[in-house]
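The values are calculated or read from the model by the stated rules, or taken from the named source; none is laboratory data. All of these numbers come straight from a predicted model, not from anything done at the bench. Here the Cβ positions follow ideal geometry from the backbone for every residue, glycine too, while neighbour counts run over all protein chains shown. Quick note on the areas: whole protein, heavy atoms, side chains included, nothing else; ligands and nucleic acids left out. Shrake-Rupley method; radii C 1.70, N 1.55, O 1.52, S 1.80 Å.
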Amino acid sequence: WKTRDGGHTWTKVLDAGERAGVVEVALDPSRPDTMYAASWQRERHDWSFVNVGPGSALWKSTDAGETWQKITSGLPSTPTGRAGISVCRSQPSTVYAVIEGADGGVYRSTDAGATWTRRNPMASSSYYYGQVRCDPNDPDRVIVLQTSVSVSTDGGATFRNETLRGVHVDHHALWIDPATSDH
């Protein structure tokens, strides 16, 4: 949904299907009209949880969200689930996605989302997790949040798990200070 009047009225601009909704939006810091979105189709019942479906996808807009194009080149053709997406502040043509599903994993684009390469089969488990964050100062440092915090320093090819002392598991959100990546 998009508002043009400070939230008084809203228009649906991205429709991924009856059972899908957008779970994340990432902006290109160098071109604010360029946006990426991840939609997720899921069904939760007392007796089951269906976490993949045709409404799950990555999308791109170059007109501030007025229109959206589905991104497919190099991404899984099998049904996917939740996805997280991150645009690298220091190199906005580099975009990362962590995608759940049989062919899921950590994917990277170095051409602003036109084509993607699977860098690692590690997929974020759905429902509770799904975020990937690119270090704002280093396009090769990528962090995937799950029960553990997985960190890559080689563009998502390999990861190591970080233990955060004194912090409970279940890492759902992360912000990295653009002034100093250590914060």
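Going through THR110, THR115, THR158, THR180 one at a time, which residue ends up being more than 27 Å from THR34 (Cα to Cα) and of a type in the set (Ser, Thr, Tyr)?
Exactly one of THR110, THR115, THR158, THR180 is more than 27 Å from THR34 (Cα to Cα) and of a type in the set (Ser, Thr, Tyr), namely THR158.
Within region 62-78, identify whether any single residue is touching a residue at least 60 places away in the same chain (Cβ under 8 Å), in a strand (DSSP E or B) and within 13 Å of the chain's Cα centre (by Cα), and answer yes or no.
no
(1) without any contact (Cβ under 8 Å) to a residue 12 or more places away in the chain; (2) farther than 16 Å from GLY81 by Cβ; (3) not basic (Lys, Arg): which one isn't true of VAL50, the others all being true?
The number of the failed condition is (2).
In this structure, does VAL25 turn out to be surrounded by 13 or more Cβ atoms within 10 Å (Cβ to Cβ), modelled with pLDDT of 95 or more and of a type outside the set (Gly, Ala, Ser)?
Yes; evaluated as a whole, the condition is true for this residue.
Across region 32-47, what is the number of residues that are at pLDDT 95 or above and either exposed (fewer than 13 other Cβ atoms within 10 Å of the Cβ) or farther than 14 Å from GLY81 by Cβ (or both)?
5
Counting only residues that are within 21 Å of ASN137 (Cα to Cα), touching a residue at least 40 places away in the same chain (Cβ under 8 Å) and open to solvent by less than 70 Å² (accessible area, probe 1.4 Å), how many does region 162-176 have?
2
Which residues, counting only those in region 152-178, are at pLDDT 95 or above and of a type in the set (A, V, I, L, M)?
ALA157
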